[in-house]
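The values are calculated or read from the model by the stated rules, or taken from the named source; none is laboratory data. Predicted model, so just to flag it, every value in this text is computed and none were measured. Neighbour counts run over all protein chains shown; Cβ positions are idealised from the backbone, glycine included.
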Amino acid sequence: MSSFLRPDENTLGVIFGRRNKGGPPGVAKALRQASARGATLGTGYLGVGAGVLSAIQALYGLSLFASQWSLYPDPWTAALAWVVYIVAFVAALITVSVRGERLPLWLFIVYLVALAAVVSLDFFAIWPLHDIGAYATASISAGFGLMIVVTLRRGREVLAAAGVLGLAFLAAIVMDSHLDAATFPSQLNTLALATLPTALAVYIVRGFRRMVQQELDRVLVQSTVSAPRFAVGMLASEELARLDLAAEDLLESVATGRTKLKLDPKTASVAASLATELRLHLIEGRRETWLYHAVSESEMLGKAVTLSDKGSLAGLLDPGQRDGLLSSVWLLMSDTRKQNVTRTLSLALGPVTPTAERLENNRIIVPIVITTTDVPRNRVDPAIWASISRVGRYSDSTEKSSLRVDIECLVDNPADQ
Amino acid sequence: MQFNRIRNFVPRGTGVAPPFVVAICDDFSNMELIAKERDRLLQRTARFLGLSGTIITLISLCFPGVVPLNNLVATIPLLLILTLCHFMVARSRPTLWAALGIAAGIAALAVVRLPFDQPPSASLGTAIAPLGAAGIACFALVLVSSVPRVLLIIIGAAVTTGLVQFATVHTGILSPTALAIILGWVLSSVLGYWLSASVPRAARRIYSIGKAHRAERQASETEAQRRQGARLLHDTVLATLTLLAHSGVGVAPEALRQQASEDARLLRQLRLGATPTPEASGPYNLTPVEETPLGTTLESVKQRFGRMGLEVSWHGTGQVLLPSDVLDAFLLSLAECLENVRRHSGVTQAHVTITDDATTVRAMVTDSGVGFNLEGIDDDKFGFRESVIGRLREVGGNARLFSSPGSGTTVVLEVPK
């Protein structure tokens, strides 16, 4: 009976019915969009690099093939394998540069089929020689050829393709070659050459993407250092806008008579919750500081950092101090050599205690305490000390075998402003 | 807690760098941070590649007949040193560990070939090729960054190629196996160069996204403030939503529709960028002039609650002039208190007594309802702290709450004149 459509997402970031639509809750849309832009950032250039490497290897393979031409019982089949490989490789490179940074599934499959044809033709040509390891050329290059799609398809898919290629090599070697001390090393090398480049490329691209994402997250969050003392944050502003829009829709539908009066209980409860959330949002946010927003908006810091700043003292820090504090927290969290270790960090600001001597310009000292878990004192990067020293005078110590830093941060007295 | 060291980089009173210095430091430290990440990626890649090559060679050498047992036993410690270098290169002093790794690898290539006056076994060259082409050549990844280090690459490549050639049964100048070593060094160097080059490219784009994001954050902050600042608008919207939350009972449908249409129009204006200041909302007067007589607006509050079933009786001063922001806070807090009476007291009548002296306007909201135990109930309940105390404090006022079970509730609101 009601024609008012319930919004599919409420303003406190919870999606009705479905959770986690389009990204983690609590991360503002603008941030999600920026991160999405970052996901493909720079990988195009990496893809070209993979093409260069494959091409260099193909030149080597071709010269090897040419030098062995007379040894082949049927060199023309092997030559055909090379022709197919070169055509497929060049076509793939052109397609990628024309179509951009995405390879559709069907094209990926076509490329894989072409590579499979290359491997089959090459194996067929060298089968009578009974030494796959010594004579395989185009089929090894096919393994390198997989590298150029690493940036365009999921790592898992490319690894699966490399795995299938490895199995094909293994089967051919077992069925066709005699394994003895003279031939074993070349069989093993060939198997490794066919599969390892792809694995390495996947490893590199993953590391590269992680690096870019992390840097992007840091740069995005760093924009909070120029925020005013109290800020509403990206999230609050977006939600207030969405809330106003939802209220507008509801009122509009009442005004035009689409929603009949008196309202059915469901729509009435939507109106009630809209009113409540709108009230909350109108007063919310002004009490939060840049540091709160930085921590809550960052995917990396949000997971591991707890902030306690009852007096909203972080807002008093000047941009240089804020930048120092944020980068030191960032470095402490990201500077881990072991990938599966979860470091945590807690930041406590205040309370301001009166000092015995009167400070110049009536300034006050905000004590900041950084406590960590899993950060050995002797493995802290020197860059971290440099960042911390930009916040203020500090002393470091060890608490429960992890780093603790006490900083005395000198700020302008808010009473003077 | 034990203090290890006291650092005193920044003397008190001079801890703040001028803004332009901060800006330069920002860019510098940004670049420094991502350069560190790039080095780590290169080092990890080198480790992956180096370990793979070393392991493949080790497997081949372990195949019976490829190499005499004595040579194998003598080579293994050198391979272990090489492996150690693969790990250490990702930890500290990469150039040093890379040089040591190359030396250990070269020594392994030489030892495995002993004695030099005997011809090598048929497959020795092939077996040690992965060691030369990946196990040792992987250090090229971390060495391409400067000219003296490139010299180290050239020396390493020449010596390993020579040793592998020496271990190969081949009559020509350069066997395909030795050529493969050169290929390994070339691919490794190109990969290192390409990865290094792609990081600044990505970094530049990351920072431009970061700059755009900073602007976006400022815009969003302004936008949120504009929306939060549109208080009068939100008051009328909230009033209408509250009526709708009660299904619109007790209000003439035509009047409610009229008001909903008016509010939707205002919200649309807000969304499209204007800051509408409604003069009236239905029967309520919301004149936003610099100073507003309290009496007329109080009357509108009374009417609003009258509609929702709470009879409000006014006592005391009718005409008080207040600045509009103070009036906003005062009225909203008053409405909030009356809303609490309506919801929780269990009675349908409330008394509001307004008094004023030279500096302060005071409102006492009294009901004879169920009351509650102040000890048992937190201020936060009913949003009292945020919606009443918070608002009043913002304009320099205050609120106090008196109640006990069974004897009603009294709230005293104070704002400065």
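To keep it simple, each residue is scored yes or no on (1) of a type in the set (Lys, Arg); (2) buried (at least 24 other Cβ atoms within 10 Å of the Cβ).
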residue	(1), (2)
A:202	no, no
A:216	no, yes
A:230	no, no
A:242	yes, no
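Here residue B:268 passes the criteria (1) facing chain A (nearest Cβ under 8 Å); (2) part of a helix (DSSP H, G or I); (3) surrounded by 19 or more Cβ atoms within 10 Å (Cβ to Cβ) except the one numbered (3). Annotation: of all residues in the stretch B:226-242 being more than 7 Å from chain A (Cβ to nearest Cβ), within 16 Å of residue B:273 (Cβ to Cβ) and not in a loop (DSSP other than H, G, I, E, B), the one that is modelled with the lowest pLDDT is B:229. With the condition kept exactly as written, say whether any residue in the stretch B:243-254 is out of contact with any Asp or Glu (no Cβ under 7 Å at 6 or more places or on another chain), more than 8 Å from chain A (Cβ to nearest Cβ), outside any loop (DSSP other than H, G, I, E, B) and buried (at least 23 other Cβ atoms within 10 Å of the Cβ). Taking every residue of the stretch B:243-254 in turn, at least one turns out to be out of contact with any Asp or Glu (no Cβ under 7 Å at 6 or more places or on another chain), more than 8 Å from chain A (Cβ to nearest Cβ), outside any loop (DSSP other than H, G, I, E, B) and buried (at least 23 other Cβ atoms within 10 Å of the Cβ).
Test of understanding: among A:274, A:291, A:251, which residue is within 30 Å of residue A:333 (Cβ to Cβ), in contact with a helix residue (DSSP H, G or I) (Cβ under 8 Å, 6 or more places away or on another chain) and either modelled with pLDDT of 85 or more or acidic (Asp, Glu) (or both)? Going through A:274, A:291, A:251 in turn, the sole match is A:291.
Counting only helices (runs of 4 or more DSSP H) that sit wholly inside the stretch B:67-151, those with at least 3 residues that are within 12 Å of another protein chain (Cβ to nearest Cβ) and surrounded by 14 or more Cβ atoms within 10 Å (Cβ to Cβ) are B:124-130. Residue count for the stretch A:145-160 satisfying the condition of being surrounded by 22 or more Cβ atoms within 10 Å (Cβ to Cβ) and either among the β-branched types (Val, Ile, Thr) or part of a helix (DSSP H, G or I) (or both): 8.
Annotation for the stretch A:342-357: at least one member residue is more than 10 Å from chain B (Cβ to nearest Cβ), part of a loop (DSSP other than H, G, I, E, B), closer than 29 Å to residue B:35 by Cα and in contact with a strand residue (DSSP E or B) (Cβ under 8 Å, 6 or more places away or on another chain). Whenever a residue of the stretch A:185-199 is within 8 Å of chain B (Cβ to nearest Cβ), its partners that are of a type in the set (D, E, K, R), lying with C-beta atoms within less than 8 angstrom and at least six residues away or across chains, give the pairs A:186/A:131.
The one condition from (1) touching a Lys or Arg at 6+ places or on another chain (Cβ under 7 Å); (2) at the interface with chain A (Cβ under 9 Å from one of its Cβ atoms); (3) not hydroxyl-bearing (Ser, Thr, Tyr) that residue B:203 does not meet is (1). Comparison of A:221, A:212, A:232 shows that the only residue that is hydrophobic (A, V, I, L, M, F, W, C) and at pLDDT below 80 is A:232.
Counted as qualifying within the stretch B:313-398 are the strands (runs of 3 or more DSSP E) with 1 or more residues that are aliphatic (A, V, I, L, M) and modelled with pLDDT under 75, namely B:321-323. Would you call residue A:302 out of contact with any helix residue (DSSP H, G or I) (no Cβ under 6 Å at 6 or more places or on another chain) and in a helix (DSSP H, G or I)? For residue A:302, the condition - out of contact with any helix residue (DSSP H, G or I) (no Cβ under 6 Å at 6 or more places or on another chain) and in a helix (DSSP H, G or I) - is not met. All of A:136, A:117, A:88 fail the test of being out of contact with any Cys (no Cβ under 9 Å at 6 or more places or on another chain), modelled with pLDDT of 90 or more, under 30 Å from residue A:181 (Cβ atoms) and surrounded by 13 or more Cβ atoms within 10 Å (Cβ to Cβ), apart from A:136. Whenever a residue of the stretch A:370-386 is free of Cβ contacts under 8 Å to residues at least 40 places away in the same chain, its partners that are of a type in the set (Asp, Glu) and assigned to a strand (DSSP E or B), lying with C-beta atoms within less than 9 angstrom and at least six residues away or across chains, give the pairs A:371/A:399; A:377/A:396; A:385/A:396.
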